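The values are calculated or read from the model by the stated rules, or taken from the named source; none is laboratory data. Please read all numbers here as calculations on a predicted model, not as lab measurements. Virtual Cβ from ideal backbone geometry, glycine too; neighbours counted across all protein chains shown. Heads up: the accessible areas ignore ligands, DNA and RNA and are worked out on the full protein's heavy atoms, side chains in. Shrake-Rupley method; radii C 1.70, N 1.55, O 1.52, S 1.80 Å.
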Amino acid sequence: MCGVGGYVGAGSQEALDAMVRLLAHRGPDASGTWSGRDIGLAHTRLAILDLSPLANQPMADDGSLRVTFNGEIYNFRELRDELRAAGYDFRTRSDTEVLLHGYRHWGEAMVTRLRGMFSLALWDDARRRLFLARDRLGIKPLYLARRGD
């Protein structure tokens, strides 16, 4: 179980820190935040698959993609093997990193390849787009709120 939060538009580091505090019970092993221009992501982590700090979130690829994710991708090993064969290198043994390389390789269609329970927020800085997705059954729900403008 992990906790995920964030904002698009007006926000602050203080808001991200407050999200981490509110979600601390969902992920006692690590927490992290990241913010860019008009975007912020927060994450609390329960470490299960890869205990190394390299697997902490929000996770970045080469800097243009960031992801924060809750859940488990059951077929991530098969997807990782396929992505390795396509030339992608991996720093971790986590399913989270598969999301980054999978999005870069397959785009939004990546989610059709995922088997598991998940909700994710992926920031694509090159396109200035936030991609949100959840598993088909909503086992890991995704809530979106619009505040003001």
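Considering segment 74-112, and only residues there that are of a type in the set (Lys, Arg) and farther than 18 Å from residue 130 by Cβ, the residue that is most open to solvent (accessible area, probe 1.4 Å) turns out to be 93. Evaluate the following for residue 143: is it farther than 14 Å from residue 74 by Cβ and either among the small types (Gly, Ala, Ser) or touching a residue at least 12 places away in the same chain (Cβ under 8 Å) (or both)? Spelling it out, it is not the case that residue 143 is farther than 14 Å from residue 74 by Cβ and either among the small types (Gly, Ala, Ser) or touching a residue at least 12 places away in the same chain (Cβ under 8 Å) (or both). Take the conditions of a type outside the set (D, E, K, R), more than 19 Å from residue 44 (Cβ to Cβ) and either open to solvent by less than 20 Å² (accessible area, probe 1.4 Å) or touching a helix residue (DSSP H, G or I) at 6+ places or on another chain (Cβ under 9 Å) (or both) and apply them to residue 123. Does it pass? Spelling it out, it is not the case that residue 123 is of a type outside the set (D, E, K, R), more than 19 Å from residue 44 (Cβ to Cβ) and either open to solvent by less than 20 Å² (accessible area, probe 1.4 Å) or touching a helix residue (DSSP H, G or I) at 6+ places or on another chain (Cβ under 9 Å) (or both). In segment 78-98, the condition of being at pLDDT 90 or above, more than 22 Å from residue 19 (Cβ to Cβ), in a loop (DSSP other than H, G, I, E, B) and under 15 Å from the mean Cα position of the chain (by Cα) is met by no residue. Report yes if some residue within segment 121-128 is touching a Phe, Trp or Tyr at 6+ places or on another chain (Cβ under 6 Å), part of a loop (DSSP other than H, G, I, E, B) and on the phi < 0 side of the Ramachandran plot; otherwise report no. Checked segment 121-128: no residue is touching a Phe, Trp or Tyr at 6+ places or on another chain (Cβ under 6 Å), part of a loop (DSSP other than H, G, I, E, B) and on the phi < 0 side of the Ramachandran plot.
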